[in-house]
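Reviewing the structure listed below.
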């Protein structure tokens, strides 16, 4: 999906550091990890909308929605075939689901990626992509105690990622780790 636009929730420093610690643990075990992705835009986030085009978006209508307390829950797996995406689930609170629905409402009609639409969305934070099936147990073992306990988190910003131009635009709030 190289020509898509996504809207993503980004985290405060503590949450960002906790997720990056999980990335680093996977990397240290020579497993697939988001820590291997060295792009400037790579940071822990929750994708709330993905579509091919997003013209206007009234972000002002989301004022007051952040910061949003979240809970990062147990690991989840996505995908088919010989590899899986390993992620942290995000517990679907009423406030998170309302924000997600509001983002889609404000974005208006569009060709959303099916798994991001309200009612079909599984909120998550990606830890690793392309984990071979025969290494899933090892990856879960590396996460150990951190992957077995809930993590209190805070979303503090919303950003727009444009895959075609590889640019990030901060729309609301911002994580303290982003230089804008």
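Rule-based calculations on the coordinates, nothing more; no lab input. Quick caveat, the model's predicted, so the values are computed rather than measured. Cβ: placed from backbone, ideal geometry, glycine included. Neighbour counts: every protein chain shown.
For this structure, a couple of remarks:
- Cα centroid of the range 52-68 to Cα centroid of the range 91-169, whole Å: 17
- Label-to-label distance, nm, for residues given as residue 169 and residue 85 (7 Å Cα→Cβ offset): 2.3
- In this label model, residue 14 and residue 94 are separated by 2.4 nm, measuring between points 7 Å along each Cα→Cβ vector.
- Shown for 37, 170, 45, 104: other C-beta atoms within 10 Å of each C-beta, ranked fewest to most, produce the order 37, 170, 104, 45.
- Inter-probe distance in nm under a simple model that places probes 7 Å from Cα toward Cβ, at residue 114 and residue 130: 2.4
- When only Cα pairs below 8 angstrom with a gap of at least 6 residues are kept, the range 1-80 shows a relative contact order of 41 percent.
- Axis of helix 13-28 versus longest Cα principal axis of the chain: the two differ by about 40°, to the nearest ten degrees.
- Gain upon complete extension [residue 60, residue 149; 0.36 nm per residue less C-alpha separation]: 28.6 nm
- C-alpha long axis of helix 94-107 to longest principal axis of the chain, angle in °: 50
- Relative to the longest principal axis of the Cα atoms of the chain, the long axis of helix 136-148 makes an angle of roughly 70 degrees.
- For the range 30-180: relative contact order, % (alpha-carbon pairs under 8 angstrom, 6 or more apart): 33
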